[in-house]
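Just below is one structure, and these are the notes that go with it.
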Amino acid sequence: SHVWLNGAVLPAEAAKISVFDRGFLFGDGIYEVMVRLQGRFFYGEAHWERLERNLEKIGIAYSVSLLRQNVSDLAQVAGLLDQDVLLYIQVSRGTAPRQHAFPKDITPTAFMYLLPFSLPDVNTKRMEVSVLPDQRWERCDIKMTSLLGNVMAKDSAVTGGAHEAVLVRNGKITEGSHSNVFFVKDGELFTHPKNRFILDGITRDITLELAGSLGIPVREEAVAQIDISQMDEAFLTGTSTQIAAIGRMGTHTFFEGSEIGPITQRLQQAFLALKNQ
Ligand code: PMP
């Protein structure tokens, strides 16, 4: 398989990065993930813009247009022009002698690869999620490659037999280890507000838009951990998760058996219609 690294398409085995790359030493980099379905990137513009915003947030000067222009080259060499794919992109601050402060005149390391990938029409899974303390820092809005807080939470969830970890900070549910979290209560949709405690998920935005067009009232307010059992429905959102019902959160079960809540189902159908549009 092939990857794109700093302007060249190479076999993955031939792509080399210095051990002094700050992405490797410090996790000093930004990443992005999007999917191309039936020949077009789903909400590609939103993903490219988020990448650009995140690079700006941490002061990496890199033009994402170079990446954008090279995706089809990569797809061609990788033989993936006609398939649905997942695109992973990462830009680190670059390579320099190890020191914490940002080195002057450093050239960012930019890398991307494509994977054959398919999404089900609707994610019909009932996700089981663990509820764990959110041990991450206070800039969870930055889509950075240092994901230790996220991977430790996810690993703990998986070790405990769950699919995903849902995180709690100051008694409130923030988000999942790699997804956003929504609840339904008395016909209203609840999700954590966009601030430094969550990633501004593109699928979260899409879901809020769909709710608006379906006339489902939305409250961007965090739900307290102690109120989980009072909620009628809960679901996760994410680029590869799409909209996935939560069957169990911690000790609470939403609907017995295989049922998926009515509002979750309406949003899933609206999301499917959007993909097929
Ligand atoms: N929160 C976190 C922490 C994530 O890693 C992700 C997925 N990258 C999301 C939310 C969902 O974001 P998106 O819908 O843009 O994939």
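The values are calculated or read from the model by the stated rules, or taken from the named source; none is laboratory data. On a predicted model such as this, the values are computed, not experimentally measured, just so you know. Reconstructed Cβ throughout: ideal geometry from the backbone, glycine too, with neighbour counts over all protein chains shown.
Scanning segment 171-192 for residues that are surrounded by fewer than 20 Cβ atoms within 10 Å (Cβ to Cβ) and within 23 Å of V151 (Cα to Cα), we see that the one that is nearest to the ligand (Cβ to nearest atom) is K172.
Could you list, in sequence order, the residues of segment 252-273 that are in contact with a helix residue (DSSP H, G or I) (Cβ under 7 Å, 6 or more places away or on another chain) and within 24 Å of I206 (Cα to Cα)? Residues satisfying the conditions are R266, L267, A270, F271. Regarding segment 115-122, can at least one residue be identified that is more than 23 Å from I173 (Cβ to Cβ), out of contact with any Gly (no Cβ under 9 Å at 6 or more places or on another chain) and β-branched (V, I, T)? Yes, segment 115-122 contains a residue that is more than 23 Å from I173 (Cβ to Cβ), out of contact with any Gly (no Cβ under 9 Å at 6 or more places or on another chain) and β-branched (V, I, T). Taking the criterion of being farther than 27 Å from R139 by Cβ, among the basic types (K, R) and crowded, with 19+ Cβ neighbours inside 10 Å, the only residue of segment 1-38 that qualifies is R36. Does L81 meet the test of being away from the ligand (no atom under 16 Å from the Cβ), under 25 Å from L274 (Cα atoms), out of contact with any strand residue (DSSP E or B) (no Cβ under 7 Å at 6 or more places or on another chain) and outside any strand (DSSP E or B)? Yes.
Going by the structure shown, is I263 of a type in the set (V, I, T), within 12 Å of the ligand (Cβ to nearest atom), crowded, with 19+ Cβ neighbours inside 10 Å and at pLDDT 95 or above? No, not satisfied. Could you check G201 against (1) farther than 23 Å from R36 by Cα; (2) touching a residue at least 12 places away in the same chain (Cβ under 8 Å) and say which number it fails? Unmet for G201, out of (1) farther than 23 Å from R36 by Cα; (2) touching a residue at least 12 places away in the same chain (Cβ under 8 Å): (1).
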